[in-house]
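Some notes on the structure that comes next.
The values are calculated or read from the model by the stated rules, or taken from the named source; none is laboratory data. These numbers come from a predicted model, not from an experiment. Because the Cβ atoms are built from the backbone with ideal geometry, glycine has one as well, and the counts that use them run over all protein chains shown. We work out accessible area using only protein heavy atoms, side chains counted, and drop any ligands, DNA or RNA first. Shrake-Rupley method; radii C 1.70, N 1.55, O 1.52, S 1.80 Å.
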Amino acid sequence: QQQQQQRRLQGPRREAAEYYRDHRVPQRMEEALNALFLQRPADLYGELANYFSKFSKAPVICKLVGRKVLDGVGQPTLEVEIYCTVKNYEKRICSTVMSSHSQIPENALPETTEADEKERSDSVNTAVEWVNESLNTMLRDLKPTDQCTVDKMLGEYFTKKVEEKKEIQKQEEEEAEATLALTSCIPSATALPGKKKAAKPGKKVAVAERTIPPAEPVESVLCGSLAIGGTSLAIAKAGATISRIPLYLHVALLKCNQDSPKEITLPLPMVTLLNCEKISPSKLKLVKEVMLIPPVQLSLKQGIERVLDIQKEMMRLLEPPGKAPSPQVADSKKGRAHNTGKKALPQALKRISHLGCLITGCDNLEQPLLLMQTACNNIGLELGTDMHLAINCAAHELMDYVKGKYEILTGTFKRPDEMVDMYVELINKFPFIIALIDPLRKEDRQQWNHICCALGSKCYLIAEDAATYISKLKIDQNINIPTCSGVVLKYINQTRVSDLIELTGLLDGQRHITILGSPDGESSDDSLVDLAVGLGARFIKLGGLSRGERVTKYNRLLAIEEELAKNRTLREANLEFIAFAEESQPEKQLSDVLPPPKQDSLPPQLSQPALQVHSLPAQLPENSTLT
């Protein structure tokens, strides 16, 4: 019986031996035991696990989970979780929460706001459905480190959904036309055919005072598009986690084709300090945000501390006289609050914008700038040396299309050409302003060209509204934006990580700066900071230093600075302005003004004006026709 049992076991033993030999288990076990005996680690089995994990299969995606969550302003948005099969077990790797973005202005009618909220809720519900069903099946068994393959599949899926929507819209239009054709056959009892209602004499019809380029139609957002952006970013985070590297380094490797960068430059923060409200009794409408930019010679930590000092002084200046809380109440911690009510907060703290900054109203353009100058002077800082300013003009929100002018103050209007003159005068008077965001509508391209030629060597002229939809920016190898110094990119809707990598590469090659900006409906996810660092953005626009969903991003930026400094891979940022020359100028007329073109200047086929990084001389030669 024993012999029979041994014969029965011989077959499985041979199979087991061959199986382990084929996988080189005996050889690797011997190598591990010999190496570990000399090391004699405290956790022997842990070290054995680490040794053999090098030979395990790469993790693959096994499940995607989408769910509806709330963002920083209480609006619904999408969360995407990634699960992978790691060493034969299902494991949750990471998640990401998308920021919500709305094009509805702050002073929109209640019914418009309600319609937008319903549309947003429907879009999030559709996105959750896409993630849990179609995308979950489509991306299963793919490696999370293969970002290009995943993004390509996501793009194809989105294109398919767009085509489906077009087909549905076409059918609806055909049905509407058929219905209209039937109703048009019924004679009307209220109007006789061939008779037109005459206009009343003396009644004037509103006509624009001067023809301006019409506003470009707002690009429709496909219901559910959040699923594309959320999944792409979640896959990137999962790839970084699997590779055991930070997300910013993972993105940098994707952009540099896996060539590890020797040094990394942190983006300079544009910290919003004031949000100028546009409701009565305030008259100023032109300025939406006043932002602080620390000088490049300071570390990020030093810059943030300096901004906080200015913010404290600004709160003191904005506090109404006679309403400041008494020191006794502010410092009391002994249970006497019942005598004076709750501990009083400064009035300014009660007016914090959703952007995480102070809200104030102004009556003219100089008022917020002088207020900022006073706050800095009071604490011994000089604007232009110890701190710089940037202004978000948001001019696209101010156009009166009947008059064809911008309403910069209540009842005060300016034509696009007059806006350029106003900005030139403003920068000459306040040279510590180094950036203007959306000083004009994107449609006023001629004026963008003029303002860049006039001010490009003194400050950054940045387009934000024109870059809202990344899908419309790239045309072949050109960037479809007005003449400008750079653009603010936002990670919203169907934007994929690969789109940002490709677009920032084009912007780099065409001497445009990249700013990564946070949408109005920000979430607590801090991935935007890693994207900005990995993509090599010049600036990052995160809002103010209040509200948790915004402060968490500043904390992430500080952590990255500390890590890069520790690894000695941190490179100092720079502030180079761009002087623009109009493309229509003859080259011989510019030879005395501009240096010879460099190898990395704009290709001749681009529609954007030629540009060089330099400072224009104080006085131009007489034969120059620069604006």
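Tell me, which residue of the stretch 324-359 that is out of contact with any helix residue (DSSP H, G or I) (no Cβ under 6 Å at 6 or more places or on another chain) and surrounded by 18 or more Cβ atoms within 10 Å (Cβ to Cβ) is modelled with the highest pLDDT?
Looking at residues that are out of contact with any helix residue (DSSP H, G or I) (no Cβ under 6 Å at 6 or more places or on another chain) and surrounded by 18 or more Cβ atoms within 10 Å (Cβ to Cβ), I get Cys357.
Of all residues in the stretch 546-581, which are within 18 Å of the chain's Cα centre (by Cα) and either open to solvent by 30 Å² or more (accessible area, probe 1.4 Å) or over 24 Å from Asp309 (Cβ atoms) (or both)?
Result: Arg547, Gly548, Val551, Thr552, Asn555, Arg556.
Each row is one residue, and each column tells you yes or no for (1) part of a helix (DSSP H, G or I); (2) in contact with an Asp or Glu (Cβ under 9 Å, 6 or more places away or on another chain); (3) not β-branched (Val, Ile, Thr).
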| position | (1), (2), (3) |
| --- | --- |
| Phe413 | no, yes, yes |
| Asp421 | yes, no, yes |
| Leu436 | no, no, yes |
| Pro439 | no, no, yes |
| Ala466 | yes, yes, yes |
| Val488 | no, yes, no |
| Leu503 | yes, no, yes |
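Is it the case that the stretch 155-176 has a residue that's hydroxyl-bearing (Ser, Thr, Tyr), in contact with a Ser or Thr (Cβ under 8 Å, 6 or more places away or on another chain) and assigned to a helix (DSSP H, G or I)?
Checking the stretch 155-176: at least one residue is hydroxyl-bearing (Ser, Thr, Tyr), in contact with a Ser or Thr (Cβ under 8 Å, 6 or more places away or on another chain) and assigned to a helix (DSSP H, G or I).
Can you name the condition, by its number, that Asn493 falls short on among (1) polar (S, T, N, Q); (2) assigned to a helix (DSSP H, G or I); (3) at positive phi?
Answer for Asn493: the failing condition is (2).
For Thr145, are the conditions met, namely being within 24 Å of Ala238 (Cβ to Cβ) and in contact with a strand residue (DSSP E or B) (Cβ under 7 Å, 6 or more places away or on another chain)?
The answer is no for Thr145.
It is to be established whether one or more residues within the stretch 51-61 are hydroxyl-bearing (Ser, Thr, Tyr), touching a residue at least 60 places away in the same chain (Cβ under 8 Å) and open to solvent by less than 90 Å² (accessible area, probe 1.4 Å).
no
What pairs can you find where one residue is in the stretch 271-286 and open to solvent by 10 Å² or more (accessible area, probe 1.4 Å), the other is assigned to a loop (DSSP other than H, G, I, E, B) and hydrophobic (A, V, I, L, M, F, W, C), and their Cβ atoms are less than 8 Å apart, with a gap of 6+ or different chains?
Note: pairs meeting the criteria are Asn275/Leu355; Asn275/Cys357; Ser282/Cys362; Lys283/Cys362; Lys285/Leu398.
Could you give me the residue pairs with C-beta distances under 6 Å whose first residue belongs to the stretch 447-458 and is under 15 Å from Glu418 (Cβ atoms), whose second residue is in a helix (DSSP H, G or I) and open to solvent by 20 Å² or more (accessible area, probe 1.4 Å) wherever it lies, and which are 6+ apart or on separate chains?
From residues that are under 15 Å from Glu418 (Cβ atoms), the pairs are Ala454/Val424.
Give just the number: which of (1) within 30 Å of Asn493 (Cα to Cα); (2) assigned to a helix (DSSP H, G or I) does Glu30 not satisfy?
Among (1) within 30 Å of Asn493 (Cα to Cα); (2) assigned to a helix (DSSP H, G or I), Glu30 violates only (1).
Does at least one position in the stretch 92-113 carry a residue that is more than 24 Å from the chain's Cα centre (by Cα) and modelled with pLDDT of 95 or more?
Within the stretch 92-113 (the criterion being more than 24 Å from the chain's Cα centre (by Cα) and modelled with pLDDT of 95 or more), the answer is yes, since at least one residue qualifies.
In the stretch 504-525, which residues are touching a helix residue (DSSP H, G or I) at 6+ places or on another chain (Cβ under 6 Å) and either open to solvent by 30 Å² or more (accessible area, probe 1.4 Å) or among the aliphatic types (A, V, I, L, M) (or both)?
Result: Leu516, Ser524.
Do the conditions hold for Leu528, that is, is it open to solvent by 10 Å² or more (accessible area, probe 1.4 Å), touching a helix residue (DSSP H, G or I) at 6+ places or on another chain (Cβ under 9 Å), under 25 Å from Ile434 (Cβ atoms) and assigned to a loop (DSSP other than H, G, I, E, B)?
So Leu528 fails the test.
The conditions are (1) open to solvent by 40 Å² or more (accessible area, probe 1.4 Å); (2) closer than 20 Å to Gly230 by Cα; (3) polar (S, T, N, Q), and Thr77 fails exactly one of them. Which is it?
Checking Thr77 against (1) open to solvent by 40 Å² or more (accessible area, probe 1.4 Å); (2) closer than 20 Å to Gly230 by Cα; (3) polar (S, T, N, Q), the one that fails is (1).
Identify the residue in the stretch 214-270 that is in contact with an Asp or Glu (Cβ under 8 Å, 6 or more places away or on another chain) and in a loop (DSSP other than H, G, I, E, B) and, among all such residues, is most open to solvent (accessible area, probe 1.4 Å).
Across the stretch 214-270, the extreme among qualifying residues is Pro214.
Looking at Arg92, Arg140, which is the one that is part of a loop (DSSP other than H, G, I, E, B) and surrounded by fewer than 18 Cβ atoms within 10 Å (Cβ to Cβ)?
Arg140
If I filter the stretch 476-489 for residues that are open to solvent by less than 20 Å² (accessible area, probe 1.4 Å) and among the hydroxyl-bearing types (Ser, Thr, Tyr), do I get at least one hit?
Scanning the stretch 476-489 turns up at least one residue that is open to solvent by less than 20 Å² (accessible area, probe 1.4 Å) and among the hydroxyl-bearing types (Ser, Thr, Tyr).
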